[in-house]
Amino acid sequence: MVYHGQIIKLRVRGTKKDLMQDISSEDVCVVMPGVIARFDGSDIRSMLQRWFQETHSRFWDEKSNKDLEDDGNSDNRLPYQIWNVNKYGSCVDAAITGIMPPPLMELQYIVIYAFGSSLINYGSFLKLCCYMNSAAFIVGQSSQRYYCAVTIGDDAVISAFRLSEDRKRSLVGVILSKVMPVTFSTIASFSKMIWRSEPTPTSKPEEKLQSFARASSLTCLKDYPRKGEKLTLSPSGTLAAITDSLGRILLLDTQALVVVRIWKGYRDANCFFMEMLVNRDDKRASSSFHVPGKSDYCLCLAIHAPRKGIIE
């Protein structure tokens with residue numbers, strides 16, 4: 001269970017080192033109204049391979065069918081991230097375009113101290129760090145991975161978000177999330193030693209929804225009565241073709257978040273990006289053993305206009 005909502009679209013995007021090489025990484029994006037979830041393709045692939053090896057080594061009998069029904073335990077759950085992107089209204093389509101740099105001047109603070117239970121302020125802490133080896137204060141750039149997401153909808157034609165993997169909001173939350181579970185675990189262990197109670201029967205806990213990670217707004221384009229309808233992402237994720245309710249197609253640069261081209265007069269249009277060989281006949285004539293590289297391909301956009309009955 002990822003989220004209580006209708007799945008609008010499933011997107012799978014692979015990032016290649018070269019056009020002739022295998023896919024190095026894959027992003028599986030689940031789009032729901034106002035919500036985006038991301039799965040890592042390598043996690044899905046490894047889970048399927050593990051499942052195939054387990055089921056291929058035995059026959060289909062009653063025991064194996066029972067094991068398949070019990071596959072909902074925590075060991076077989078896929079890790080994922082989920083974000084709430086309904087700041088500008090519910091989206092009708094969305095896509096994760098790729099990895100983006102962290103926010104400017106964002107720092108990650110890691111504090112390690114061993115001064116008992118007493119609290120000290122920032123200035124005295126730095127002074128003690130100079131004289132004691134049991135304390136450290138490390139300041140560095142955030143190691144979290146950030147993604148760029150582009151959404152379209154009825155309220156906002158185009159909106160972009162910076163998606164963080166971290167579900168923690170502040171340094172206090174990080175400390176509480178680390179200290180409080182240990183404290184309660186210690187208290188629980190002591191209480192079990194003092195009051196020995198009868199063991200309670202173990203039951204399968206109800207599956208809880210994962211909390212949303214942080215999604216920061218980057219930009220938004222509102223142009224009433226224009227409404228976004230369809231979003232088509234290029235293979236590299238650097239361009240996106242967006243159709244709207246006014247019969248226009250907007251070509252968006254997903255890295256600069258700027259509309260670089262607009263086509264008019266294409267109602268109910270469908271777009272598709274493709275990579276095609278450039279001067280294919282010349283390459284074959286020059287060398288019969290020529291292997292096409294990345295520079296031999298160009299990115300093309302195909303537009304199907306059903307009302308005109310043409311493909312451009």
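The values are calculated or read from the model by the stated rules, or taken from the named source; none is laboratory data. Predicted, not measured: the structure shown is a model, and the values here were computed from it. Because the Cβ atoms are built from the backbone with ideal geometry, glycine has one as well, and the counts that use them run over all protein chains shown. We work out accessible area using only protein heavy atoms, side chains counted, and drop any ligands, DNA or RNA first. Shrake-Rupley method; radii C 1.70, N 1.55, O 1.52, S 1.80 Å.
R45 versus (1) assigned to a loop (DSSP other than H, G, I, E, B); (2) open to solvent by 50 Å² or more (accessible area, probe 1.4 Å); (3) at pLDDT 85 or above: which is the lone unmet condition?
Tallying (1) assigned to a loop (DSSP other than H, G, I, E, B); (2) open to solvent by 50 Å² or more (accessible area, probe 1.4 Å); (3) at pLDDT 85 or above, R45 fails exactly one: (1).
With (1) assigned to a loop (DSSP other than H, G, I, E, B); (2) at pLDDT 90 or above as the list, and L252 as the residue in question, which single condition is left unmet?
All conditions are met except number (1).
Tell me, which residue of segment 272-300 that is of a type in the set (S, T, Y) and either part of a loop (DSSP other than H, G, I, E, B) or over 26 Å from A240 (Cβ atoms) (or both) is modelled with the highest pLDDT?
Among those residues, the one meeting the criterion is S288.
Between a residue in segment 65-89 that is more than 29 Å from K227 (Cβ to Cβ) and open to solvent by 60 Å² or more (accessible area, probe 1.4 Å) and any residue that is outside any helix (DSSP H, G or I) and at pLDDT 90 or above, which pairs come within a Cβ distance under 9 Å, given they are 6 or more apart or on different chains?
P79/F39; P79/D40
Failed condition for G5, given (1) at pLDDT 70 or above; (2) open to solvent by 90 Å² or more (accessible area, probe 1.4 Å), with all others met?
Of (1) at pLDDT 70 or above; (2) open to solvent by 90 Å² or more (accessible area, probe 1.4 Å), only one is false for G5: (2).
Tell me, which residue of segment 250-265 that is open to solvent by 70 Å² or more (accessible area, probe 1.4 Å), in contact (Cβ under 8 Å) with a residue 12 or more places away in the chain and not charged (D, E, K, R) is farthest from A149 (Cα to Cα)?
Applying the filter and picking the extreme gives I262.
From the list V92, V30, which residue is modelled with pLDDT of 90 or more, among the hydrophobic types (A, V, I, L, M, F, W, C) and open to solvent by 40 Å² or more (accessible area, probe 1.4 Å)?
Answer to the selection: V92.
Tell me the residue from G247, G228, G309 that is out of contact with any strand residue (DSSP E or B) (no Cβ under 6 Å at 6 or more places or on another chain), modelled with pLDDT of 90 or more and surrounded by 12 or more Cβ atoms within 10 Å (Cβ to Cβ), please.
G247 is the lone residue from the list that is out of contact with any strand residue (DSSP E or B) (no Cβ under 6 Å at 6 or more places or on another chain), modelled with pLDDT of 90 or more and surrounded by 12 or more Cβ atoms within 10 Å (Cβ to Cβ).
With respect to I303, determine if the residue is under 27 Å from M100 (Cα atoms), at pLDDT 90 or above, assigned to a strand (DSSP E or B) and hydrophobic (A, V, I, L, M, F, W, C).
In short, no.
Could we say that K66 is at pLDDT 90 or above, out of contact with any Leu (no Cβ under 6 Å at 6 or more places or on another chain), among the basic types (K, R) and not in a strand (DSSP E or B) here?
No; evaluated as a whole, the condition is false for this residue.
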